[in-house]
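The values are calculated or read from the model by the stated rules, or taken from the named source; none is laboratory data. Keep in mind that this is a model prediction, so the values were computed, not measured. Cβ sites come from the backbone with ideal geometry, for glycine too, and all protein chains shown count toward neighbours. Heads up: the accessible areas ignore ligands, DNA and RNA and are worked out on the full protein's heavy atoms, side chains in. Shrake-Rupley method; radii C 1.70, N 1.55, O 1.52, S 1.80 Å.
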Amino acid sequence: MKHSINELALFGGQPAFDSLRPISNLLRPDIERFLEYAKTIYDAKQFTNNGVLVRQMEERFSLLHGTRHCIAFCSGFMALMMAMRSCALPDKTEVVMPSLTYRRMADIAAWAGLVPHFCDVDVVSLGMTAKTAANAVNEKTALILGVHPITNLCDIDGLEVLAQEHSIPLLFDAVEAAYAEHKGKMVGSFGKAEVFSLHASKQLNAFEGGYVTTDDDSLAEELRCVRGFGFAGKDNIVRLGLNAKLNELHAAMALACIDILPAHISQNRARHYAWQQTLADLPSLTLLLYSDTEPRGYKNVLVRCEDSWPLSRENTLHILHAENMLARPYYNPPLHESSSKLLTVCNTDLSATEKLTTQYILLPSGDFVSEKDIAVMGKLLIFMQQHAEEINRRIKEDNS
């Protein structure tokens with residue numbers, strides 16, 4: 001607990017934590033469970049190229065999401081890029097997608113040979129809707145990419161109707177909605193396909209990796225082919241391909257994490273509720289709540305800085321970083337500002353995005369954060385609010 005602003009690490013005091021408290025999930029399964037899976041790699045004498053653990057992982061994810069197919073990739077980036085390329089209508093050039101999303105999403109579209117056409121988002125859910133996406137649909141549209149925001153889901157039903165009305169494929173980026181349900185149906189089973197990440201920061205950790213779920217048999221066959229150099233059988237090249245296979249060691253880690261998924265989600269839920277209780281005393285920081293009627297993963301802690309929060313977001317982050325709280329702004333800058341310097345892009349009205357991108361902060365969560373840590377962080381935030389005038393004056397003096 002800080003007693004004066006001189007005890008803030010930004011002003012020379014001791015940090016609240018002796019090591020970083022990140023926003024990433026960083027799930028760590030039992031090491032023996034991981035090694036038990038890894039040992040089968042040596043027993044099978046196959047380290048990559050669709051080995052037994054990758055196939056087992058794909059089967060378990062298919063069952064989990066309720067789809068006929070799961071196709072594993074070496075990264076979520078490659079999974080999404082190849083899914084976009086395979087799903088897009090031929091002879092069309094644009095993909096409708098939000099600007100308020102992952103900072104390299106436009107790069108993925110460019111690698112898939114598509115031009116991002118950015119649409120706005122709903123101010124409550126932070127996700128794209130059929131209404132915001134419709135403003136970007138035109139005769140050049142090859143694909144609609146429905147991106148789920150952190151905490152909430154995008155407008156699944158509306159986007160499916162919009163895609164059907166215009167006969168445009170709908171692909172979902174479900175990286176931030178893993179293991180959520182919509183109307184009793186698991187995310188992963190909507191649209192033409194859905195894409196997930198297995199990066200260490202995500203709900204499940206395979207060190208690195210990604211996968212696509214789909215009920216489309218021909219799409220699944222194409223994706224399996226292109227991830228493995230375009231081969232269909234021995235020395236038979238049938239498609240333009242690349243090397244995007246997931247290796248067996250990564251699959252071993254994913255399987256070890258799948259085994260403890262229910263318990264991990266329960267721990268995430270407990271951390272999220274701890275944040276909810278802590279922030280109840282700070283109405284100037286509004287926690288975005290997960291649905292209390294449908295299952296969610298509870299991976300992230302996202303707060304909105306209200307007008308009554310007395311510190312700028314920039315100064316808030318500087319203070320938290322000095323205390324070893326690795327908080328981050330939510331998708332800032334938006335893609336239409338950052339990507340247009342490097343890529344060809346198209347925009348609709350993005351007024352909501354431009355406002356929202358200045359308001360939100362991701363707070364520490366995941367496997368490296370305890371409920372005790374959250375209590376400490378809450379007291380720090382309360383201290384910052386109570387001493388904001390003095391803090392602002394000190395920062396201004398130090399910067400002058």
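Structural remarks
- Residues within the stretch 130-145 that are buried (at least 20 other Cβ atoms within 10 Å of the Cβ) and either touching a residue at least 60 places away in the same chain (Cβ under 8 Å) or part of a loop (DSSP other than H, G, I, E, B) (or both), tallied: 4
- Within the stretch 265-298, the residues that satisfy the criterion of being closer than 18 Å to Ser125 by Cβ and in contact with a Phe, Trp or Tyr (Cβ under 9 Å, 6 or more places away or on another chain) are His272, Leu287, Leu288, Tyr290, Pro295, Arg296, Gly297, Tyr298.
- Qualifying residue in the stretch 6-13 (condition: buried (at least 19 other Cβ atoms within 10 Å of the Cβ) and closer than 28 Å to Ile265 by Cα): no
- Leu20 open to solvent by less than 50 Å² (accessible area, probe 1.4 Å) and touching a residue at least 40 places away in the same chain (Cβ under 8 Å): no
- Taking the numbered list (1) within 21 Å of the chain's Cα centre (by Cα); (2) closer than 20 Å to Ser197 by Cα in turn, Arg68 passes all entries but (1).
- Within the stretch 356-372, being part of a helix (DSSP H, G or I), closer than 10 Å to Arg271 by Cα and touching a residue at least 24 places away in the same chain (Cβ under 8 Å) holds for one residue alone: Glu371.
- Among the residues making up the stretch 22-39, a single one is hydroxyl-bearing (Ser, Thr, Tyr) and part of a helix (DSSP H, G or I): Tyr37.
- Single residue of the stretch 212-249 satisfying the filter (of a type in the set (S, T, N, Q) and at pLDDT 95 or above) that is surrounded by the fewest Cβ atoms within 10 Å (Cβ to Cβ): Ser218
- Just one of the listed residues (Ala44, Ala9) is modelled with pLDDT of 95 or more and either of a type outside the set (Ser, Thr, Tyr) or under 22 Å from the mean Cα position of the chain (by Cα) (or both), and it is Ala9.
- Residue list for the stretch 291-307, restricted to those being in contact (Cβ under 8 Å) with a residue 60 or more places away in the chain, within 15 Å of Ala327 (Cβ to Cβ) and out of contact with any Lys or Arg (no Cβ under 9 Å at 6 or more places or on another chain): Asn300, Leu302, Val303
- Members of the stretch 131-153 that are over 21 Å from Ser365 (Cβ atoms), under 21 Å from the mean Cα position of the chain (by Cα) and among the hydrophobic types (A, V, I, L, M, F, W, C): Ala133, Leu143, Ile144, Leu145
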